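Q: Below you'll find the structure I mean.
Here, each number is a calculation from the coordinates, and none is a lab measurement. Source: prediction; values computed, not measured. Counting neighbours? That spans all protein chains shown, and the Cβs are built from the backbone with ideal geometry, glycine included.
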Amino acid sequence: MSKQGKLEGRSALVTGGASGIGAATARRFAAEGARVMIADIDDAAGETVVREIRESGAVAHYRHLDVTDRADVRRAVHDADAALGGLDILFNNAMTNPSADYTEDQRWNLMLESGLSAYWAAATEAAPLLARSGHGAIVNNASIAGARLGLDFASEAYSSAKAGVIGLTRKLAKRFGPNVRINCICPGIIETPRWRSPGMPEPQFARRYRQMAPLGRFGKVEEVASLVLFFASDEASFITGQDIAIDGGFTTALRFEAIDFTSE
């Protein structure tokens, strides 16, 4: 007898699914039996991920999405519902990075809009659709930066948006329970271009943080995808309103003694 996936027959919208954590999660959802829509601003990369998922025999669609446009975020939710024949899971993951020449006001507005307001717009629009499924779940992507610790590698705008995601998660869990579960992940140092792409040399600024973590290594996007899958599946059926750090122990057991600060 064939083994069914943890998301067999369900459908999921993944924002920011063209790369990194989003792409790994979209692939994992599909491998577990879900129909997936990837929504991203990077059309070429998004279409590539969709093609890979389809080649594996799963169902996937791509939709261009600008998460700085709340109206487009809301339309994307309904487009996913229509294309996938319903909606069971929303993974709020996308966030727009400002250009280096942005002013502080522009940086603040962009990151709060794309990294917090877009999550709110998508979640509140999706909740009634998710409730119909009988096992609706929303997973929000925050960060240990700001959400757990004030770290020098994260801007005030980024940290504020990510901290806001945790508060939003708790409020929405209260608002939409018992029909929709809403939880939040807080990644730490993960192998993405922000820190180090797999196989690339380790930047000096990242080495210190990596050494401070009890597990002493970068996390992998596939490991983060496993946590998202857990929250999205029935294995987390009695969990809502929670935030969990996935950071190799960085926020709970920093190893300051492992760092030679005199050598820098």
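Q: Anything over 30 Å Cα to Cα? Flag those among 6/171; 6/162; 3/162, in the order listed. Show your work: numbers first, answer last.
A: Details: 6/171 27 Å; 6/162 28 Å; 3/162 37 Å.
Over 30 Å Cα-Cα: 3/162.
Q: Turning to a different aspect of this structure: Determine which residues of the stretch 148-191 fall in the zone a paramagnetic label at residue 217 would reach in this model, i.e. backbone nitrogen under 13 Å from the point 7 Å along Cα→Cβ.
A: Of the residues in the stretch 148-191, 191 have backbone N under 13 Å from the label point off residue 217.
Q: Follow-up question, since we're still on this one. Would you grab the residues whose amide H sits under 5 Å from the one on residue 190? Only those 5+ places off in sequence or on another chain, please, with H modelled 1.01 Å from N.
A: 219
Q: Given charges of +1 on the Cβ of Lys and Arg and -1 on the Cβ of Asp and Glu, with all other atoms neutral, how large is the dipole of the stretch 1-85 about its Cα centre, in debye to the nearest 20? It would help to have the intermediate numbers written out before the result.
A: Numbers: 12 positive and 13 negative charges, 86 e Å.
The dipole magnitude comes to about 420 debye.
Q: State the label only: which of [x] 57, 42, 38; [y] 51, 48, 32; [z] 59, 49, 37 corresponds to Cα extents along the principal axes in Å computed from the shown model?
A: [z]
Q: What list of ³J(HN,Hα) values in whole Hz, one per residue of the stretch 28-39 in order, does the Karplus curve 6.51 cos²θ - 1.76 cosθ + 1.60 (θ = phi - 60°) give from phi, with Gly and Pro shown as x?
A: Along the stretch 28-39, the couplings run 5, 4, 5, 5, 8, x, 7, 8, 10, 10, 9, 10 Hz.
Q: Kindly state, to the nearest 0.05, the FRET efficiency for residue 52 paired with residue 96, given R0 = 25 Å and r defined as their beta-carbon distance. Intermediate results must be reported in sequence, preceding the final value.
A: On the way: r = 24 Å, r/R0 = 0.96.
So the FRET efficiency works out to roughly 0.55.
Q: On to the next question. Distance between Cα centroids, the stretch 61-80 to the stretch 100-144: provide it in whole Å.
A: 12 Å
Q: Then there's this: Compute the length gained on full extension between residue 253 and residue 207: take 0.36 nm times their separation in residues and subtract their Cα-Cα distance, giving the result in nm to one decimal. Mind dumping the intermediate values first?
A: Numbers: separation 46, 0.36 × 46 = 16.56 nm, distance 1.68 nm.
Roughly 14.9 nm would be gained on extension.
Q: Given Cα pairs under 8 Å that are at least 6 residues apart, what percent is the relative contact order of the chain? All intermediate terms of the calculation are to be shown ahead of the outcome.
A: On the way: 524 pairs, mean separation 45.7, N = 264.
For the chain, the relative contact order is 17 percent.
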